[in-house]
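Coordinate-derived values only; no laboratory data. Values in this document were obtained by computation on a predicted structure and should not be read as measured data. Here the Cβ positions follow ideal geometry from the backbone for every residue, glycine too, while neighbour counts run over all protein chains shown.
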């Protein structure tokens with residue numbers, strides 16, 4: 001009888017728990033979320049290392065995820081959520097106790113009395129709300145030898161709520177479901193923080209490349225300004241142009257030489273500012289990576305423009321099915337539904353069915369004399385309880401507000417995808433215009449230089465043409481960097497992993 005009862009009760013306990021981490025997001029997206037999580041985590045503090053001599057964009061990302069101090073907090077939260085599920089999923093509870101004492105009542109004669117006892121209990125909680133409890137006890141004895149020789153008392157019982165706290169509203173089910181939802185939410189948050197940090201590093205890396213490119217443009221501008229100054233100075237002074245004992249007549253005025261020198265000095269000033277911006281950008285990148293902001297590592301990844309078309313009609317469903325924001329809101333909706341389900345359950349009568357067998361350990365000539373069984377139903381009917389009614393009404397209101405937030409979040413995701421696609425399209429068009437502008441500016445500069453060399457125009461036209469070339473080159477470089485960063489933002493809007501498919 002005991003074996004059949006135990007098998008039947010264990011069968012009732014085997015109720016599957018709802019997989020909270022698969023709701024609201026496509027399986028492909030969950031695969032990306034899980035792939036971003038590290039297999040092993042070491043949170044021990046480490047000193048700031050020295051940066052390597054060369055750094056590619058991929059190497060920067062890998063080193064950042066290893067050394068960034070702020071990112072470790074996200075790792076710690078992920079580990080805590082995993083351990084929280086491990087704790088919440090415990091359904092078998094074992095306990096053992098022993099008692100030994102000597103006591104003597106006031107006014108009693110003789111030696112103190114000795115009492116010894118021990119017992120062990122095992123409880124298994126079913127996801128339906130029921131609990132199976134088994135206990136073994138020795139009773140109170142006077143010597144250790146009696147503890148082993150006595151027939152132990154045994155109890156086996158199963159309690160099952162029939163209305164309140166039953167099934168999906170049971171505390172055990174809700175504990176496990178809530179922990180699974182909390183882990184899924186933390187996994188999505190970890191993925192978002194992972195992608196946000198990656199986007200920050202990519203942006204800082206390309207900021208360094210942009211600053212480095214602007215330094216090169218400024219250096220070329222200095223070289224051209226110096227060349228123009230040297231030509232004007234030579235035409236003014238005749239140095240390098242006149243022969244010995246030859247009388248030289250200046251072809252330019254002193255103010256022209258001063259103007260050329262002013263343009264040269266201004267180019268030097270701009271170079272110094274660009275070099276400072278480059279150093280600041282590089283320090284920011286190294287700090288993101290958790291490195292000492294010293295040295296000047298060489299960045300091996302270059303700025304490359306690879307235009308691509310985006311179809312908003314095709315990308316929008318993908319964004320909605322992969323949105324981590326919508327996924328977290330859907331998990332919050334599960335929590336709100338669970339709160340409403342439990343609140344409604346608490347308004348019902350509390351009906352608990354119990355069944356079990358007992359053996360108190362009493363024997364007569366070695367034969368048990370106190371074995372038995374019991375069944376029963378315990379009922380608690382709430383007649384009037386404002387708190388329970390208001391709890392259910394409040395849960396309904398919270399659910400309604402959350403569902404409206406989900407609607408608004410879907411609109412926000414749609415708008416963000418469309419906005420980033422428009423930005424990418426606009427940036428791509430500006431790059432095409434910028435490439436044409438650079439080509440025309442170079443031709444204009446060469447033509448102005450040629451006319452000046454032939455004496456057909458003054459140096460001011462060359463200066464103006466050079467300024468326009470510098471502006472066009474700088475604008476094109478900025479647009480190329482901006483376009484790449486816009487494509488990264490498009491991928492973020494689609495919840496893609498921005499660390500994949502990066503340039504080498």
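For the chain, take the longest principal axis of its alpha carbons; what is the angle in degrees between that and the long axis of helix 69-88, to the nearest 10 within 0 to 90? That works out to roughly 20 degrees. Using R0 = 56 Å, the C-beta based FRET efficiency linking residue 371 and residue 396 works out to 0.65.
In plain terms, the residue of 235, 54, 44 with the fewest other Cβ atoms within 10 Å comes first and the most crowded comes last, giving 44, 54, 235. Available extension along the chain between residue 97 and residue 196 is 30.5 nm, counting 0.36 nm per residue and deducting the alpha carbon span.
Note on the chain: Kirkwood radius taken over Cα pairs, Stokes-Einstein applied at 37 °C and 0.692 mPa s, translational D equal to 107 µm² s⁻¹. Sorting 275-281, 103-109 by their mean Cβ neighbour count within 10 Å, with the most densely packed peptide first, gives 275-281, 103-109. Using a Förster distance of 25 angstrom, determine the FRET efficiency expected from the C-beta separation of residue 405 and residue 318, and round it to 0.05. That pair, residue 405 with residue 318, gives E of 0.70. If a spin label sat at a point 7 angstrom from the Cα of residue 140 along the line to its beta carbon, the backbone N atoms of the range 106-131 nearer than 19 Å would be those of 106-120. Projecting label points 7 angstrom from Cα along Cα→Cβ for residue 298 and residue 28 puts them 4.0 nm apart.
Each of residue 311 and residue 418 was given a label point 7 Å from its Cα along the Cα-to-Cβ line. The distance between the two points is 1.9 nm. Annotation for residue 385 and residue 250: the two label points, set 7 Å from Cα along the Cα-Cβ direction, are 10.3 nm apart. Angle between the Cα long axis of helix 312-322 and the longest principal axis of the chain, 0 to 90 degrees, nearest 10? The helix 312-322 is inclined about 40 degrees to the chain. Measuring nothing but how far apart in sequence close Cα pairs (under 8 Å, 6+ apart) lie, relative to its length, the range 355-462 scores a relative contact order of 11 percent.
The tail of the calculated P(r) for the range 248-346 beyond 24 Å holds 70 percent of all Cα-Cα pairs. Between 0 and 90 degrees, the angle of helix 254-288 with respect to the longest Cα principal axis of the chain falls at about 10 degrees. From most to least packed by mean Cβ count within 10 Å, the peptides 186-192, 166-172 give 186-192, 166-172. Report note on the peptides 378-390, 417-429: ranked by the mean count of other C-beta atoms within 10 Å, highest first, their order is 417-429, 378-390.
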